[in-house]
1. For the chain, with a Gaussian network of springs between Cα atoms less than 10 Å apart, report the residue from Ala113, Ala76, Ala90 with the top mean-square fluctuation.
2. Please report the projected area of the chain's Cα convex hull averaged over all directions, in nm².
3. For a quick check, take a GNM of the chain with Cα springs below 10 Å and name the residue from Val145, Val164, Val44 with the largest mean-square fluctuation.
4. Between Thr102 and residues 5 or more places away or on another chain, which pairs have amide H atoms under 5 Å apart, with H built 1.01 Å from N, and which residues are they?
5. For Phe168, what accessible area in Å² do you get when you roll a 1.4 Å probe over the heavy atoms of the protein chains, rounding to the nearest 10?
6. Please work out how much accessible surface Asp100 shows to a 1.4 Å probe, ignoring ligands, DNA and RNA, in Å² rounded to 10.
7. Taking 2.2 N^0.38 Å as the expected size of a compact globular protein, what ratio does the Cα radius of gyration of region 125-168 give against it, to two decimals?
8. Rounded if a/c is under 1.5, else prolate if a/b is larger than b/c, else oblate: which is region 32-128, with a ≥ b ≥ c the root eigenvalues of its Cα gyration tensor?
Amino acid sequence: VDVPAALAELTRAKRLAEVRIAGAAMVAAADDLPLLRDAIGLPVPPGYPDLDRLSDDDPHAQLAQRWARTHAPFTAATFAARYGLAEGRAAAALQVLVDDGTLVRGSFTEAAAGALEFCHTRVLQLIKRRTLALLRAGVEPVDGVAYARFLARWQDIGGDLSGVEGVFSVVEQL
């Protein structure tokens, strides 16, 4: 797929809009322009309808929820920088989502260096499932032949142990 050509076609069709958010050139879905206008003051580009949003919910919280659904644990500062929001305003929007159970707050990564992080509950569940799958894969049982070979070596069958000391050494292992 030729991504630049696809983006150009979608922009010509007014399904995407080229915008600047927090000083960075980006592409936004035309349907998101009212939310971006209300949340961060982004002017609707010429040629796009300046529609009302379908929801009366806090636009900052809506924007935060959309960000959280697609990002691993993040800080309020990261979210604020992405959209050019004041960190206090971003933290307030995130707190609304924590209060309603959409986000969880805590220390999830070492990279946060003590700062509180936020994570969407579904993203956190996905991280947990994938982590457990990796851990389980690391402790899968071996086949019977490999296990028998290990036991023989571990119990020194056919080795140098003999007599009372040999029996004592094997019993210690148990």
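The values are calculated or read from the model by the stated rules, or taken from the named source; none is laboratory data. These figures come from a predicted structure and were not determined experimentally. Ligands, DNA and RNA are stripped out before the accessible areas are found, and what is left, the full protein with its side chains, is counted by its heavy atoms. Shrake-Rupley method; radii C 1.70, N 1.55, O 1.52, S 1.80 Å.
1. In this elastic network of the chain, the residue with the biggest mean-square fluctuation among Ala113, Ala76, Ala90 is Ala113.
2. Details: hull surface 74.1 nm².
Spelled out: convex hull of the Cα atoms, projected over all directions, averaged, 18.5 nm².
3. Val164
4. none
5. 110
6. 100
7. Details: Rg = 18.2 Å, N = 44, 2.2 N^0.38 = 9.3 Å.
Compactness ratio reported: 1.97.
8. On the way: a/c = 2.30, a/b = 1.90, b/c = 1.21.
Taking the square roots of the gyration eigenvalues as a ≥ b ≥ c, region 32-128 is prolate.
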